[in-house]
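Step one of this worksheet: look at the structure below.
The values are calculated or read from the model by the stated rules, or taken from the named source; none is laboratory data. Note that this is a predicted model, so its numbers are computed, not measured. Every residue, glycine as well, gets a Cβ built from its backbone with ideal geometry; the counts of neighbours run over all protein chains shown. Calculation scope for accessible area: heavy atoms of the full protein, side chains included, ligands and nucleic acids excluded. Shrake-Rupley method; radii C 1.70, N 1.55, O 1.52, S 1.80 Å.
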Amino acid sequence: MKKIVYALLGVAVLAVAGFLISKALQSSLVYFILPSEYARDTAAFEGKRVRLGGLVQAGSVRFDDAKLHLTFQITDHLKDYPVQYDGAPPDLFQENGGVVIEGRFHDGVFVGDNLLVKHSSDYHPPADGEPIDVDALKESLR
Amino acid sequence: MNDLIAALTVARKDFRQELRSRATTVATLFFSAITLVMMAFGLGRDPELMRSAAPGVLWVALAFAGVIAAAQSFQADLEEGAFEQLLLLPVSRAAVYLGKLAASWLYLFVLGALMLPIALGLYGADAPASTWWLLGLVLLLGTLGLALIATFYAGLTANLQAREALLPVLMFPVIVPIMLGAVRATEAALMGSADAPLALSWVQLLGGFDLVYLVVCASIFHFVVDD
Amino acid sequence: MSDTSGRTRRPRWLTVFGLVTLAVVGVGLYAALIVSPPDVNQGDLIRVMYAHVPVAWIGFAAVAASAFWGMLYLWRGRAPDDVRAQATAEAALLFSVLTVIGGMTYSKPTLNTYWTWDAKLTLTALMVALVVGYFIVRALIEDPQRRARVSAVIMLVVLVSLPFNYLAAEWFRTLHPAKSINLDGSGVTMAPVMVRVLLINVLGGAMVFFYFISERIRIGRLALADDKTFDSVRGVAREVVSVR
Amino acid sequence: MSGGQDGLAIELRGVTRRMGGEYVLRGIDLEVAPGKLVVLRGSNGTGKTTLLRLLATRLRPAGGQALVFGHDLTREAAAARARLGLLTVMGGSFPLLTGRENLELATALTPRRPGLPARAEAGQAEPTEAWKARTPLATLGRVGLEHGADKLVRTYSSGMKKRLGLARLLLLDPDLWLLDEPYAALDDLGKRLMDECVTAAQARGRTVFMASHESDRDHLGPDAVIELKDGTLRMFGA
């Protein structure tokens, strides 16, 4: 009898734990948001630390060798934002490649301090005008 | 209900012992403080680097202290076969585990509350007043995680040779997720109230880990202490 | 436990299975080295992946298997279950060490460094540490029953901590401005022929694993039956001392 | 309540146990009826302490069946524990607690037994005689430790620690007393005290199982003296 009560208690606590963990895992703050997700809810993210994921827009990369200052546009083909990052681009950083960057939005410019390059060769951007597969993009960045 | 009372009784006994072995208490206190200072020497004098390292260094110091405190609490019990005598009373092993856990949790939490301002001061980081409650929450859940694992493995290694070296070898790989969660949550909490949601999701994660380990450790502790 | 004469020889099926395993591994090797085309991005490095991926998968499966046998021991208390748990734990150690070595081999030509805090590599290194802890404790406990019980408990905690460690390793690398490539080759766009080559090698790896643990369990059980200290209990002249 | 013969305090069938790699108990068969006083002899290292710790549920048997009052020591350890007490060589008290705190801990963790006052009654206006005799402080008085009640056990001599262990046993008064070298470290007065307590316990119907190599305790009039040798039991002298 007592054993059953304890077993039920244990299961209940584990359920709470599972709920907490899954809730934390879903939170965009632990993983990342896409530019279009930011656009949808700009006010909620403004000035807060977030991780932003997307592709490096072709032709947008500027790197100032002397100041070690990198700027580029991050995009999910629905929305794009300028990114500023102090530091050299990592070796695998390339146009149309996937990146996840940590930092904050200030007036529509994302100031990042931690740049992570993702291997996303299995993601092929659609032709212009076509809707993109957001889930596939997310998956490739994970 | 009886088990709850038993757990509280064991916790009170452990805490009383902790307070009476003043030398040990003071030693762990200074041990963590010295760790903070030594790590500062190791990191060099780049202020930005030191500021960003503060949360990590704090939790490393607390993890070391946790090992010592847990090992010490079993050491005091094992002398003269008193722990054996305790296990001969009709108390459930889970209650003994929870009692010892509660005592070392309280101890680690107090230690953490003392070390936090020291770490912030030494490393030039400052805590915005608006997120003190968050830091408290992180400290509470992080030290619970450390105490959970430390108490469990201290019980496991209590009558093995070389336990002083063995305990950290066994428990450190297990506490990696707890350390990471605690460090990240502390970092986020230090960034101010705008990042409270970020800190809260790390806190949720930390709480989730804690609860899983709580259930697992409490339910298998008897395999460890019964010979 | 009484009849050991039949067990001292390797059973026929195990020998046959070993030979078949050898053949499958040979085919896998041939497929990986000759049949598979080089990868577009990685070139001939892809051939390491065919060995690396199966080894990594099996390493994790072995931890789960060891925890399973350990739990069975805790439940039933039968010595052979501990032999099985130990055999699979040894396989887990072997395969996870190989995984770390494989990951480092991968890392050197692609990232020009032997070590990178890649999530899966970090996780595997942690797993090696956890399993080494398991064997240190095993070595320190002499009493077979207590050893079996305590090590089963440790493996259980290892199993519980692995998913958390995985999450931690995932997040940890973001602490560094990372160069990131998936060191298990999962970033590779796989042609169907590559998938087939990989599957053959997964099969080969799994068979090596089964052969290894079968042989290990067989030897472990022989040692169990051959336990000299147990002989000191068998056939002892006893009397019932009755105080009524 | 499985398998055992009704009415036996101790029932061991083919019990084995190793310490380290070696078998120390190689097949123990023992039946002890309730209320008996049994003295266990054997030279150092023959496994007397192992046998006592096994009976006290601290060590599980490797093989065979062990029952105390019909409770299987492996499967129903908790039920068995509620009916037995062990006095170890060292006394088994927490060095950083006082003598009184040690006893209070023991009573706080033991469910109410007949004759043992529940904590709830502690505040009642007129304690009964039985209650008075069974408080931790009164029990400390019975073993001659009233002066040490509020001192840390760390400061006790080994004889005092032994007396404290005895006090705990008196206070809990289990149905089966397991005593491991109870006379070791005691002075003459202490030895006499131990004798009195054992005799009184037997008179109350308790079963006493004592490991001792003191041969001058025969005046206790044990119901049996048994010997542990080469991992098995036999009647002493047989």
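Taken over region B:1-39, the criterion of being buried (at least 18 other Cβ atoms within 10 Å of the Cβ) and more than 14 Å from every other protein chain (Cβ to nearest Cβ) is satisfied by B:Thr28, B:Ser32, B:Ala33, B:Thr35, B:Leu36, B:Met39.
Conditions tested, residue by residue: (1) open to solvent by 50 Å² or more (accessible area, probe 1.4 Å); (2) charged (D, E, K, R); (3) within 14 Å of chain B (Cβ to nearest Cβ); (4) under 20 Å from C:Pro144 (Cα atoms).
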residue	(1), (2), (3), (4)
C:Val16	yes, no, no, no
C:Val25	yes, no, no, no
C:Val55	no, no, no, no
C:Ala62	no, no, no, no
C:Ser66	no, no, no, yes
C:Gln86	no, no, no, yes
C:Val100	no, no, yes, no
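Each residue in region A:19-44 was checked for being surrounded by 15 or more Cβ atoms within 10 Å (Cβ to Cβ), within 14 Å of chain B (Cβ to nearest Cβ) and within 13 Å of the chain's Cα centre (by Cα), and 7 pass.
Kindly evaluate B:Gly124 against the criterion of being more than 14 Å from every other protein chain (Cβ to nearest Cβ), at pLDDT below 90 and more than 29 Å from B:Gly207 (Cβ to Cβ). Answer is yes for this residue.
Cβ-Cβ distances below 6 Å connect the following pairs, each with a first residue in region A:23-49 that is assigned to a helix (DSSP H, G or I), a second residue that is at pLDDT below 80, and a separation of six or more residues or different chains: A:Ala24/A:Val30; A:Tyr38/A:Phe45. Checked against the criterion of being assigned to a helix (DSSP H, G or I), in contact with a Leu (Cβ under 9 Å, 6 or more places away or on another chain), at pLDDT below 90 and of a type in the set (Ser, Thr, Tyr), the candidates B:Thr28, B:Thr24, B:Thr9 yield just one match: B:Thr28. Taking region B:83-92 as the range and being more than 16 Å from B:Arg12 (Cα to Cα) and either assigned to a helix (DSSP H, G or I) or open to solvent by 20 Å² or more (accessible area, probe 1.4 Å) (or both) as the test, the residues that pass are B:Glu84, B:Gln85, B:Leu87, B:Leu88, B:Pro90, B:Ser92.
If you go through region B:132-189 and keep only what is over 20 Å from B:Ala113 (Cβ atoms) and free of Cβ contacts under 8 Å to residues at least 12 places away in the same chain, you end up with B:Leu160, B:Gln161, B:Ala162, B:Ala165, B:Leu166, B:Val169, B:Pro173, B:Val176, B:Leu180.
In region B:54-70, the residues that are on the phi < 0 side of the Ramachandran plot and open to solvent by less than 10 Å² (accessible area, probe 1.4 Å) reach residues that are not in a helix (DSSP H, G or I) and not polar (S, T, N, Q) with C-beta atoms within less than 6 angstrom, at least six apart or across chains, in these pairs: B:Ala54/B:Tyr123; B:Ala54/B:Ala125.
Each residue in region D:161-190 was checked for being without any contact (Cβ under 8 Å) to a residue 24 or more places away in the chain and either in contact with a His (Cβ under 7 Å, 6 or more places away or on another chain) or surrounded by 17 or more Cβ atoms within 10 Å (Cβ to Cβ) (or both), and 0 of them qualify. One residue is enough: does region B:177-193 have a residue meeting the conditions facing another protein chain (nearest Cβ under 9 Å), within 15 Å of the chain's Cα centre (by Cα), open to solvent by 10 Å² or more (accessible area, probe 1.4 Å) and under 16 Å from C:Ser161 (Cα atoms)? Checked against the condition, which is being facing another protein chain (nearest Cβ under 9 Å), within 15 Å of the chain's Cα centre (by Cα), open to solvent by 10 Å² or more (accessible area, probe 1.4 Å) and under 16 Å from C:Ser161 (Cα atoms), region B:177-193 yields at least one hit. Going residue by residue through region B:74-91, is there one that turns out to be of a type outside the set (Asp, Glu), away from chain D (no Cβ under 14 Å) and either touching a residue at least 60 places away in the same chain (Cβ under 8 Å) or in contact with a Ser or Thr (Cβ under 9 Å, 6 or more places away or on another chain) (or both)? Looking through region B:74-91, none of the residues is of a type outside the set (Asp, Glu), away from chain D (no Cβ under 14 Å) and either touching a residue at least 60 places away in the same chain (Cβ under 8 Å) or in contact with a Ser or Thr (Cβ under 9 Å, 6 or more places away or on another chain) (or both). Does region D:5-25 contain any residue that is within 14 Å of chain B (Cβ to nearest Cβ), open to solvent by 10 Å² or more (accessible area, probe 1.4 Å), not in a loop (DSSP other than H, G, I, E, B) and not hydrophobic (A, V, I, L, M, F, W, C)? Within region D:5-25 (the criterion being within 14 Å of chain B (Cβ to nearest Cβ), open to solvent by 10 Å² or more (accessible area, probe 1.4 Å), not in a loop (DSSP other than H, G, I, E, B) and not hydrophobic (A, V, I, L, M, F, W, C)), the answer is yes, since at least one residue qualifies. Answer with yes or no whether B:Asp210 is at the interface with chain A (Cβ under 10 Å from one of its Cβ atoms), modelled with pLDDT of 95 or more and assigned to a helix (DSSP H, G or I). Yes. Among the conditions (1) open to solvent by 10 Å² or more (accessible area, probe 1.4 Å); (2) part of a strand (DSSP E or B); (3) in contact with a Ser or Thr (Cβ under 8 Å, 6 or more places away or on another chain), the only one that D:Gln65 does not satisfy is (3). Summed over region C:144-160, residues that are more than 8 Å from chain B (Cβ to nearest Cβ) and either among the hydrophobic types (A, V, I, L, M, F, W, C) or open to solvent by 10 Å² or more (accessible area, probe 1.4 Å) (or both) total 6.
Of the listed requirements (1) under 30 Å from C:Val240 (Cα atoms); (2) touching a helix residue (DSSP H, G or I) at 6+ places or on another chain (Cβ under 7 Å); (3) crowded, with 22+ Cβ neighbours inside 10 Å, D:Ala80 misses just one: (2).
Within region D:147-166, the residues that satisfy the criterion of being farther than 23 Å from D:Ala9 by Cβ and part of a helix (DSSP H, G or I) are D:His147, D:Gly148, D:Val153, D:Arg154, D:Thr155, D:Ser158, D:Gly159, D:Met160, D:Lys161, D:Lys162, D:Arg163, D:Leu164. Of all residues in region A:61-79, those satisfying the criterion of being open to solvent by 20 Å² or more (accessible area, probe 1.4 Å) and either more than 18 Å from A:Asp107 (Cα to Cα) or not in a strand (DSSP E or B) (or both) are A:Val61, A:Arg62, A:Phe63, A:Asp64, A:Asp65, A:Ala66, A:Lys67, A:Leu68, A:His69, A:His77, A:Leu78, A:Lys79. Restricting attention to region B:155-176 and to residues that are assigned to a helix (DSSP H, G or I) and at the interface with another protein chain (Cβ under 7 Å from one of its Cβ atoms), the residue that is surrounded by the fewest Cβ atoms within 10 Å (Cβ to Cβ) turns out to be B:Val169.
Per-residue answers, yes or no, for (1) modelled with pLDDT under 90; (2) more than 8 Å from chain B (Cβ to nearest Cβ):
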residue	(1), (2)
D:Arg75	yes, yes
D:Ala78	yes, no
D:Thr88	no, no
D:Pro95	no, no
D:Gly99	no, yes
D:Glu104	no, yes
D:Gly115	yes, yes
D:Ala118	yes, yes
D:Glu121	yes, yes
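Restricting attention to region D:144-155, the residues that are surrounded by fewer than 21 Cβ atoms within 10 Å (Cβ to Cβ) and under 28 Å from D:Arg83 (Cβ atoms) total 2.
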